[in-house]
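Working notes, beginning with the structure itself.
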Amino acid sequence: MTSQIVPIDPDATNLPPTANFTIWCHGESCIFTSTSTDPAPGAIVTYAWTFGDGGTEDWRRPSHVFNVTARTTFPVTLTVTDNEGASNVVTKE
């Protein structure tokens, strides 16, 4: 039998996740994929998207159709929150 000392620090600071995403569009239809990361032992548990046109979603990989008649730029924002309540936000156009 072997034993090992495992340090446990109950006062360790939770490191927040890093929000990021990729976008693929064809016409007005876009697919957004979160590429967000969270340092161990954290885990991202919520995704909150706003698409700049009033639309929202809460999936890791949502799709969205923009109602436009001409070339338009929208600010898309992703907020991710981890299992310890830390969050991070990224916006892309």
Search result, residues across segment 41-56 that are open to solvent by 80 Å² or more (accessible area, probe 1.4 Å) and either under 15 Å from Thr91 (Cα atoms) or in contact (Cβ under 8 Å) with a residue 24 or more places away in the chain (or both) | Val45, Thr56
What is the residue count in segment 72-93 for residues that are loosely packed, with under 15 Cβ neighbours inside 10 Å and in contact with a Pro (Cβ under 6 Å, 6 or more places away or on another chain)?
-> 2
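Here's a check for you: in segment 1-22, which residue that is over 17 Å from Arg60 (Cα atoms) and touching a residue at least 24 places away in the same chain (Cβ under 8 Å) is most open to solvent (accessible area, probe 1.4 Å)?
Residues of segment 1-22 that are over 17 Å from Arg60 (Cα atoms), as a first pass: 1-16.
This time we only want the ones that are touching a residue at least 24 places away in the same chain (Cβ under 8 Å), so: 14-16.
Numbers: Asn14: 41, Leu15: 103, Pro16: 66 Å².
Out of the qualifying residues, it is Leu15.
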In segment 23-40, which residues are open to solvent by 80 Å² or more (accessible area, probe 1.4 Å) and of a type in the set (Asp, Glu)?
-> Glu28
Inside segment 57-71, can you point out the residues that are open to solvent by less than 100 Å² (accessible area, probe 1.4 Å), of a type outside the set (Asp, Glu) and either under 23 Å from Ser87 (Cα atoms) or without any contact (Cβ under 8 Å) to a residue 40 or more places away in the chain (or both)?
-> Pro62, Ser63, His64, Val65, Phe66, Ala70
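The values are calculated or read from the model by the stated rules, or taken from the named source; none is laboratory data. The structure displayed is predicted, hence computed values, not measured ones. In this analysis, Cβ positions are derived from the backbone assuming ideal geometry, glycine residues included, and neighbour counts consider all displayed protein chains. Quick note on the areas: whole protein, heavy atoms, side chains included, nothing else; ligands and nucleic acids left out. Shrake-Rupley method; radii C 1.70, N 1.55, O 1.52, S 1.80 Å.
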